[in-house]
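Note sheet for the following structure.
The values are calculated or read from the model by the stated rules, or taken from the named source; none is laboratory data. Note that the structure is predicted; figures quoted are calculated from it, not measured. All Cβ positions, even for glycine, are placed from backbone atoms using ideal geometry, and neighbour counts span all protein chains on display. These area figures cover heavy atoms from the full protein model, side chains too; ligands, DNA and RNA do not enter into them. Shrake-Rupley method; radii C 1.70, N 1.55, O 1.52, S 1.80 Å.
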Amino acid sequence: GNSVTQMEGPVTLSEEAFLTINCTYTATGYPSLFWYVQYPGEGLQLLLKATKADDKGSNKGFEATYRKETTSFHLEKGSVQVSDSAVYFCALSDQGGYQKVTFGTGTKLQVIP
Amino acid sequence: NAGVTQTPKFQVLKTGQSMTLQCAQDMNHEYMSWYRQDPGMGLRLIHYSVGAGITDQGEVPNGYNVSRSTTEDFPLRLLSAAPSQTSVYFCASSFRDPGGYGYTFGSGTRLTVV
């Protein structure tokens, strides 16, 4: 079956540091890939997505590139802010039919001033 | 635009009690789902619906029922609460398919079963 593996957290960075959160996946076919963000006490919000190989999703300074050869979708940001502190979830969806979404376990990011 | 509204936000149940978690969306989304979030396990799909009158099981459906009588509403029923159902529950909706459009999530219901 499909699965998503994320790096363990928490990740603690100083403000303006470079962020990478690793995500790799196992899936049959050509899934769509997503990053969701969850701020404290809130539901998840879609951050960015990519639907085919070599696509780059981007939003709010975050980027991730769909790498089929390495089955990866790593999240990056050049300069993090305290307001980026949250839990980040990598996810994939099947192609066709209902397109069930499989989530990773989440990576907590703490940005300190 | 309210998005996805979940009620209640917090609930404490005794073992064996039943209750219904409410979920409503005002975006005319076809797809609706219920997930539970547990530490170290990410989100796991309980039940989902691809339209009014159509529901199906996810990966952890036991102990839960759903119905979808309207496009807007997708309630989740706990039949006889157990401590293992202590969790945070999220309702999510999507316009056509969550793989193409992504999900809009509610703010969650934190349930404790004692």
Evaluate segment A:66-81: report whether one residue or more is within 13 Å of chain B (Cβ to nearest Cβ) and at pLDDT 95 or above. no
Between a first residue in segment B:46-62 that is more than 10 Å from every other protein chain (Cβ to nearest Cβ) and a second residue that is assigned to a loop (DSSP other than H, G, I, E, B) and aromatic (Phe, Trp, Tyr), which pairs have beta carbons less than 9 Å apart while being 6 or more apart in sequence or on different chains? B:HIS47/B:PHE74; B:THR55/B:PHE74
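Test A:THR71 against the criterion of being farther than 25 Å from B:PHE90 by Cα and touching a Ser or Thr at 6+ places or on another chain (Cβ under 6 Å), and give yes or no.
Details: farther than 25 Å from B:PHE90 by Cα: yes; touching a Ser or Thr at 6+ places or on another chain (Cβ under 6 Å): yes.
Yes.
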For segment B:1-71, give me every one of the strands (runs of 3 or more DSSP E) that falls completely inside it and has 1 or more residues that are more than 15 Å from B:PHE105 (Cβ to Cβ). B:10-13, B:19-25, B:31-38, B:42-51, B:54-57, B:64-66
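Out of curiosity, is B:ARG36 open to solvent by 30 Å² or more (accessible area, probe 1.4 Å) and either among the basic types (Lys, Arg) or within 15 Å of B:LEU79 (Cβ to Cβ) (or both)? First the steps, then the outcome.
On the way: open to solvent by 30 Å² or more (accessible area, probe 1.4 Å): no; either among the basic types (Lys, Arg) or within 15 Å of B:LEU79 (Cβ to Cβ) (or both): yes.
No; evaluated as a whole, the condition is false for this residue.
When you check B:SER67 against the structure, is it of a type in the set (Gly, Ala, Ser), open to solvent by 10 Å² or more (accessible area, probe 1.4 Å), more than 14 Å from every other protein chain (Cβ to nearest Cβ) and under 12 Å from the mean Cα position of the chain (by Cα), yes or no?
On the way: of a type in the set (Gly, Ala, Ser): yes; open to solvent by 10 Å² or more (accessible area, probe 1.4 Å): yes; more than 14 Å from every other protein chain (Cβ to nearest Cβ): yes; under 12 Å from the mean Cα position of the chain (by Cα): yes.
Criteria met by B:SER67.
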Give the residues of segment B:83-110 that are more than 9 Å from chain A (Cβ to nearest Cβ), open to solvent by less than 10 Å² (accessible area, probe 1.4 Å) and either in a helix (DSSP H, G or I) or touching a Ser or Thr at 6+ places or on another chain (Cβ under 6 Å) (or both), sorted by residue number. B:TYR89, B:SER93
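Right, B:THR104: within 13 Å of the chain's Cα centre (by Cα), at pLDDT below 95, closer than 21 Å to B:PHE10 by Cα and of a type in the set (S, T, N, Q) or not? It would help to see each step written out before you state the result.
Values: within 13 Å of the chain's Cα centre (by Cα): yes; at pLDDT below 95: yes; closer than 21 Å to B:PHE10 by Cα: yes; of a type in the set (S, T, N, Q): yes.
The answer is yes for B:THR104.
Any residue at all in segment B:25-33 that is aromatic (Phe, Trp, Tyr) and open to solvent by 50 Å² or more (accessible area, probe 1.4 Å)?
So the first thing to find is which residues in segment B:25-33 are aromatic (Phe, Trp, Tyr), and the list is B:31.
Subset that is open to solvent by 50 Å² or more (accessible area, probe 1.4 Å): none.
No - not one qualifying residue is present in segment B:25-33.
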